[in-house]
Amino acid sequence: MHTNYEQILTRLQHIETMLECRVQPTYLTIREASEFLRCSPSSIRRMLNRADLPFCRVGESDRCTILIRYSDIQSIINGI
């Protein structure tokens, strides 16, 4: 019985890992990027201002949303 439980648990963990890979967002907001990198939103804004991190603006100029590609965030993590 214990072996079946371990097999099921292993399969569930494998499925969770596969699902996490599939649901990664393409773009992140400043807040989401800061949560993902575990830093403050102002740190993300500094990276944007220094052009260390590419971004795009979406929406009207006075209320635009800044979006950052997930792959660019991954590059920071990987040190590329």
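Using θ = phi - 60° and the Karplus curve 6.51 cos²θ - 1.76 cosθ + 1.60, what whole-Hz ³J(HN,Hα) does each residue of segment 63-72 get, with Gly and Pro shown as x?
These are the phi-based 3J(HN,Hα) values: 9, 6, 9, 8, 10, 10, 5, 4, 5, 5 Hz.
Per residue, how big is the convex hull around the C-alpha atoms of the chain? Give it to me in cubic angstrom, could you?
Dividing the Cα hull volume of the chain by its residues yields 124 Å³.
Give the carbon-plus-sulfur fraction of the accessible surface of segment 4-80 in %, rounded to a whole number; probe 1.4 Å, heavy atoms of protein chains only.
Carbon and sulfur together cover 52 percent of it.
Restricting attention to the chain, which chymotrypsin sites (Phe, Trp or Tyr not before Pro) occupy a DSSP loop and are surrounded by at most 15 other Cβ atoms within 10 Å?
Counting only loop positions with at most 15 other Cβ atoms within 10 Å, none of the chymotrypsin sites (Phe, Trp or Tyr not before Pro) in the chain qualifies.
Just want to confirm a number: the relative contact order over the chain, from Cα pairs under 8 angstrom separated by 6+ residues, in percent.
Relative contact order for the chain comes out at 28 percent.
Could you report the chain's accessible area per residue, 1.4 Å probe, as an integer in Å²?
Heavy-atom accessible area per residue stands at 82 Å².
Count the net charge of all other residues whose Cβ sits under 15 Å from the Cβ of residue 48, scoring Lys and Arg as +1 and Asp and Glu as -1.
Net charge in that neighbourhood comes out at +3.
Counting only trypsin sites (Lys or Arg not before Pro) that are in a DSSP loop and have at most 10 other C-beta atoms within 10 Å, tell me the longest site-free stretch of the chain.
My reading of the result: 1-37 is the longest stretch.
How large is ³J(HN,Hα), in whole Hz, for each residue of segment 46-61 in order, when computed from phi with the Karplus curve 6.51 cos²θ - 1.76 cosθ + 1.60 and θ = phi - 60°, using x for Gly and Pro?
So the Karplus estimates, Gly and Pro as x, are 4, 4, 5, 5, 7, 6, 7, 9, x, 8, 9, 9, 10, x, 5, 4 Hz.
The values are calculated or read from the model by the stated rules, or taken from the named source; none is laboratory data. Predicted model, so just to flag it, every value in this text is computed and none were measured. Every residue, glycine among them, receives a Cβ derived from its backbone with ideal geometry; neighbour counts consider all protein chains shown. Calculation scope for accessible area: heavy atoms of the full protein, side chains included, ligands and nucleic acids excluded. Shrake-Rupley method; radii C 1.70, N 1.55, O 1.52, S 1.80 Å.
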